[in-house]
Structures are given as C-alpha cells and as structure tokens.
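Q: First the structure, which I've put down as structure tokens, then a few questions once you've had a look.
Computed from the coordinates by the stated procedures, all read-outs in this text should not be read as laboratory data. Everything numeric in this text was worked out from a predicted model, so none of it was measured. Don't worry about glycine lacking a Cβ; one is built from the backbone with ideal geometry, like all the others, and counts go over all protein chains shown.
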Amino acid sequence: MNPDLIKVTEIFLIPSSFLVAALGTADTNPHRAAISLVGLIISVLWMVCSVEAMSARTATQTEHLRTARRRILGWLPVVFILGWLSSTIIHWLLWRQPIELIH
C-alpha cells in the first residue's frame, strides 16, 4: 500500500477543522480541555500517517512544486500538534484554577 500525502491530509484536516469549531463553542474549561486532548491525539495520528506517506516517494514526485507542497503538507500536522498541545495545557490550567466570586 502506497499512502498519498494529499489524501492523508484530507482525511485528518476535516475532523481537525470540526474540532476547532467545537473548541470555539465549548462553554467550560473542562470541555475545552477534553476537545483539545482529542485534537492532540488526532494530530499525532496525522503526523504518523504523514511520515509514512512522505517516506513512500515515487520518481515522478521530484519536481520542485511537488516537493514544496510535500514539505507544507508534511509540516501541517506539526502546527496542529503545537496548537492542540498549548490549548490542552492552557485549558487544563484554567480548569484547575479556583473560581473567583465577583462582589
């Protein structure tokens, strides 16, 4: 089986986009932290599949444009991993903070 990097990106980018929308509509920090954790897991799986797809190179993929596109698509999961990781940490820390009452 020869995985295609573009197909792998399409498969993982769609649920990642839905999770970003879910994060925006979440109303509590525990909910946001849980969504961020799921996004982080999906992004790590995306990275693993992308590395496998990038290692399966063919002779026709040596053009400069395809090489640049492969680099961009290869780094995209890393961007999502960093974003979800920071979101998970931030919302987990906010969840643990005591609620301050406003007088």
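Q: Given R₀ = 30 Å, what would the calculated FRET efficiency be for R96 paired with L45, taking r from the Cβ atoms and rounding to 0.05?
A: 0.65
Q: Further, regarding this structure: Using 0.36 nm per residue, how much length does the chain from V79 to S17 gain when fully extended, once their Cα-Cα distance is taken away?
A: 21.0 nm
Q: D27 to T67: FRET efficiency via 1/(1 + (r/R0)^6), r the Cβ-Cβ distance, R0 41 Å, to the nearest 0.05?
A: That pair, D27 with T67, gives E of 0.40.
Q: Shifting gears a bit: Residue by residue through the stretch 41-55, which ³J(HN,Hα) values in whole Hz follow from phi under the Karplus form 6.51 cos²θ - 1.76 cosθ + 1.60 (θ = phi - 60°), with glycine and proline marked x?
A: 4, 5, 5, 5, 4, 4, 4, 4, 5, 5, 4, 5, 5, 6, 6
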